[in-house]
Amino acid sequence: MQGQIPDNPPLSNQARTAILIVATAAAVYLCWQIAQPFIAVATWALALAVVMLPLQERLEPRMKAGSAAFLAVLAVTWILIGPAVWLGRAFAQEASGTLKLIDTAFSSGDPQASLSRYPQLQSIFEWLQQRFDLEQEARKLAGQLAVHLSDIVQSSVWILTQVMLTLVTMFFFLRDRALILGFLRRLSPLSTVQTSAVFERAAKTIGASLTSNLLVKVVQGLLGGLMFWFLGLPAPVLSGAAMALLALLPVLGTGLIWGPAAIILAMTGSWGKAIVLAVWGGVVVSMVDNVLYPILVAGEMSVYPLAVFFAVFGGLIAFGFTGIVLGPLILAITAMLIDIWSVHDSRI
């Protein structure tokens with residue numbers, strides 16, 4: 001019939017395959033763009049799920065998997081929030097007492113008279129007073145803090161959101177781990193035995209990374225607190241606990257505690273104690289992380305310590321704080337795949 005549109009010839013199998021490959025690649029790329037902001041959330045949720053898996057497996061015979069996962073999440077929440085709440089209250093009490101002492105000292109008379117007991121601090125105060133209007137500078141600082149207060153609040157809300165997303169993701173990882181592992185096994189080109197071996201190596205590496213990191217932070221806090229006690233500084237237990245928690249932060253970490261203490265000691269004339277504290281904090285407390293952590297992780301992973309050292313710091317550079325887990329994990333999986341290829345080549 002004239003005017004009838006002819007049917008298009010059917011696509012060949014090669015064309016269908018090419019279109020499917022392109023469509024799949026585009027879909028995977030878009031999924032990656034969606035998931036990329038949550039890589040840190042998924043990484044820490046997986047790490048916490050691996051650590052809490054023994055508790056989950058003990059609870060499951062007594063209750064449903066969802067209830068067991070919920071209790072595991074509650075346990076992690078208490079472990080994470082409990083020390084932070086205690087430390088915050090202790091800091092608030094210390095700060096309140098310090099502010100009361102300062103207010104009593106400076107409101108009772110001339111501030112310079114109160115500073116006369118500290119010659120080094122008095123000379124610094126006089127030098128600043130000659131060159132700056134301290135009252136005006138204090139007002140400027142207060143104004144700047146008020147301006148940046150909204151940014152601080154937004155950052156706090158973002159951190160809280162990240163923590164909540166991590167806990168929710170951890171719950172689903174624990175409850176639905178059989179479904180997730182089954183899905184990954186279907187995608188894996190390896191055999192069932194090889195895939196299980198990779199999963200076991202990954203779980204062992206994640207557990208070693210977290211437990212070793214926690215142990216190192218405790219050692220750092222203990223060393224810092226002992227030096228505070230040895231030098232006769234106030235609140236050595238609180239300072240040690242604060243250093244253990246702040247050691248999680250890269251670069252600064254424990255220096256946020258021992259650094260200001262060393263400066264105050266120097267300004268009040270205790271130069272010997274200031275030097276001892278600065279050397280101990282900068283060399284021993286801060287560097288023990290770089291030495292002890294790779295050794296502990298390497299022992300658990302059966303990998304050369306230098307490789308773990310580069311994996312940890314390379315992971316921190318590439319992925320930020322999440323690199324503490326991702327760096328050793330990538331190294332362990334790579335080593336496992338190389339072992340699998342070695343066995344495969346030997347059979348050819």
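The values are calculated or read from the model by the stated rules, or taken from the named source; none is laboratory data. Here the structure is a predicted model, which means the values were calculated and not measured. Neighbour counts are summed over all protein chains in view; Cβ atoms, including those assigned to glycine, are modelled from backbone coordinates with ideal geometry. Calculation scope for accessible area: heavy atoms of the full protein, side chains included, ligands and nucleic acids excluded. Shrake-Rupley method; radii C 1.70, N 1.55, O 1.52, S 1.80 Å.
Per-structure values
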quantity: Heavy atoms of Ser67: accessible area, 1.4 Å probe, square angstrom to 10; calculated: 60
quantity: Projected label distance in nm at Tyr304 and Ile264, using a 7 Å step from Cα toward the beta-carbon; calculated: 4.7
quantity: Within segment 259-298: backbone nitrogen closer than 16 Å to the Thr211 label point (7 Å, Cα to C-beta); calculated: 293-298
quantity: Where labels lie 7 Å past Cα in the beta-carbon direction, separation of Thr161 and Phe38 in nm; calculated: 1.3
quantity: Percent RCO, i.e. relative contact order, over segment 157-264, from Cα pairs under 8 Å lying at least 6 residues apart; calculated: 15
quantity: Cβ-Cβ FRET estimate between Trp271 and Ala15, R0 fixed at 56 Å, reported to 0.05; calculated: 0.10
quantity: Asp176 versus Val85: modelled label distance in nm, points set 7 Å from Cα along the beta carbon direction; calculated: 3.0
quantity: Exposure of Leu292 as accessible area (Å², to 10), given a probe of 1.4 Å and all protein chains; calculated: 50
quantity: Vicinal HN-Hα couplings computed from phi for segment 30-42 (Karplus, 6.51 cos²θ - 1.76 cosθ + 1.60; Hz; Gly/Pro x); calculated: 5, 4, 5, 4, 5, 7, 4, x, 10, 4, 5, 4, 5
quantity: Distance between segment 305-333 and segment 185-247 - C-alpha centres, whole angstrom; calculated: 13
quantity: Cβ-defined net charge surrounding Lys64, 13 Å radius [Lys, Arg +1; Asp, Glu -1]; calculated: 0
